[in-house]
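The values are calculated or read from the model by the stated rules, or taken from the named source; none is laboratory data. Keep in mind that what you see is a predicted model, and the values were worked out from it rather than measured. Every residue, glycine as well, gets a Cβ built from its backbone with ideal geometry; the counts of neighbours run over all protein chains shown.
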Amino acid sequence: MRVRALVFTFAAALCLGRAGGLDQVPPEADLLPNPYQGQRSAEMAGAKLYRRYCASCHGKDSSGAGPHPSLRSPAVAAASPGALFWLLRNGSLRRGMPSWSHLPDQQRWQLVTYLKTLRQ
């Protein structure tokens, strides 16, 4: 059981990092600072947005569901806020990640703020 969990975690990190779209992030996106970093109100707003838009694919606890990767993975933890923001705006159609460009920047940054609070 433990080996299976380890394999799943590795596979999820690989999916998000290589095929999930983070490999497509332009270098300049990494430099974007999160204007809401460390703000508890932004984390709470991001958690609410996560439940509304993301939980159906990534699971209520963000540990992944089916082919959708865990957002508690090392790849997400290591990704810059700007890279996550870019991925939310652009999506990754080949992995089934939709673009959330219709959300205002503020809400996408709130989602990033929440994602950066998740732990393995």
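This table checks each residue for (1) of a type in the set (S, T, Y); (2) over 11 Å from the mean Cα position of the chain (by Cα); (3) more than 21 Å from P104 (Cβ to Cβ).
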residue: R40; (1), (2), (3): no, yes, no
residue: K60; (1), (2), (3): no, yes, yes
residue: G66; (1), (2), (3): no, yes, yes
residue: P81; (1), (2), (3): no, no, no
residue: W86; (1), (2), (3): no, no, no
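Within the range 42-53, being closer than 11 Å to Y114 by Cβ and either among the charged types (D, E, K, R) or surrounded by fewer than 16 Cβ atoms within 10 Å (Cβ to Cβ) (or both) holds for E43, M44, K48, R51.
Among the conditions (1) assigned to a helix (DSSP H, G or I); (2) surrounded by fewer than 19 Cβ atoms within 10 Å (Cβ to Cβ); (3) at pLDDT below 95, Q106 misses just one, which is (3).
Selection of the range 59-76 for residues being touching a residue at least 40 places away in the same chain (Cβ under 8 Å) and not in a loop (DSSP other than H, G, I, E, B) yields P74, A75, V76.
Among the conditions (1) exposed (fewer than 14 other Cβ atoms within 10 Å of the Cβ); (2) modelled with pLDDT of 95 or more, S56 misses just one, which is (2).
Each residue in the range 68-103 was checked for being exposed (fewer than 15 other Cβ atoms within 10 Å of the Cβ), farther than 18 Å from S56 by Cβ and not basic (K, R), and 3 pass.
Taken together, the residues in the range 77-120 that are of a type in the set (A, V, I, L, M) and either free of Cβ contacts under 8 Å to residues at least 24 places away in the same chain or out of contact with any helix residue (DSSP H, G or I) (no Cβ under 8 Å at 6 or more places or on another chain) (or both) amount to 3.
Do the conditions hold for G17, that is, is it of a type in the set (G, A, S), modelled with pLDDT of 95 or more, surrounded by 13 or more Cβ atoms within 10 Å (Cβ to Cβ) and part of a helix (DSSP H, G or I)? Spelling it out, it is not the case that G17 is of a type in the set (G, A, S), modelled with pLDDT of 95 or more, surrounded by 13 or more Cβ atoms within 10 Å (Cβ to Cβ) and part of a helix (DSSP H, G or I).
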